[in-house]
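Notes for the one structure printed next.
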């Protein structure tokens, strides 16, 4: 019998794998593990990087709901939803439709605002300022390539054509009033539709 000593730092979490299979999440502290005839392996994750990009993510979501609820923020978007992911209150990423991810809890406060684009791809006015003022941020917002920002001249109009919807091509007229506020000058649209088959 072999005894293994493993230390998980305060800013880390560990995954204990027995013969390659998930056994449990290790909390910060010193752990004494008895492996016997089994092969034990511990993978540690720094919580400063909350995204859990691991081959076990889908397994945990499907088979270990208690572990996911206790340790992770779970994101599962449908084909007609996009997500605005924030860390400690600051927008950091626009998540595409059908995204499935886990984010560690514990150090970074991860939040996801879900926007349904089934009926309209227009970004709600309350979100516009968070998307159009990205140049002043210390950290770039990932996924902004999926957001179309259109500036319509004062007293002008534009036509937005969206051809990727399975129901066929449709369009919307964009208008602008005489107001000079940022929300009336800029019209962001989520471009998250998948091509029709």
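Scanning the stretch 27-40 for residues that are surrounded by 12 or more Cβ atoms within 10 Å (Cβ to Cβ) and at pLDDT below 95 yields 33, 35, 38, 40. Among residues belonging to the stretch 129-152 that are surrounded by 11 or more Cβ atoms within 10 Å (Cβ to Cβ) and assigned to a helix (DSSP H, G or I), point out the one that is modelled with the highest pLDDT. Among them, the one singled out is 144. Among residues that are out of contact with any strand residue (DSSP E or B) (no Cβ under 7 Å at 6 or more places or on another chain) and at pLDDT below 95, residue 2 is included.
Is there a residue being modelled with pLDDT under 75, outside any strand (DSSP E or B) and within 21 Å of the chain's Cα centre (by Cα) anywhere in the stretch 169-176? There is no residue in the stretch 169-176 that is modelled with pLDDT under 75, outside any strand (DSSP E or B) and within 21 Å of the chain's Cα centre (by Cα). Is it the case that residue 13 is in contact (Cβ under 8 Å) with a residue 60 or more places away in the chain and either assigned to a loop (DSSP other than H, G, I, E, B) or at negative phi (or both)? Yes, satisfied. Selection of the stretch 22-40 for residues being under 10 Å from residue 8 (Cβ atoms) and outside any strand (DSSP E or B) yields 27, 28.
Residues in the stretch 2-26 that are under 27 Å from residue 92 (Cα atoms) and either surrounded by fewer than 17 Cβ atoms within 10 Å (Cβ to Cβ) or in contact with a helix residue (DSSP H, G or I) (Cβ under 9 Å, 6 or more places away or on another chain) (or both): 5 in all.
With respect to being modelled with pLDDT of 95 or more, within 26 Å of residue 100 (Cβ to Cβ) and out of contact with any strand residue (DSSP E or B) (no Cβ under 8 Å at 6 or more places or on another chain), residue 43 falls outside the description. Scanning the stretch 41-54 for residues that are assigned to a strand (DSSP E or B) and surrounded by 13 or more Cβ atoms within 10 Å (Cβ to Cβ) yields 41, 42, 44, 45, 51. Scanning the stretch 84-128 for residues that are over 25 Å from residue 47 (Cα atoms) and surrounded by fewer than 15 Cβ atoms within 10 Å (Cβ to Cβ) turns up 116, 118, 119, 120, 124, 125, 126.
The values are calculated or read from the model by the stated rules, or taken from the named source; none is laboratory data. Only a predicted model underlies this, so the values are computations on that prediction, with no experimental measurement involved. Glycine also receives a Cβ, built like all others from the backbone with ideal geometry; neighbour counts cover every protein chain displayed.
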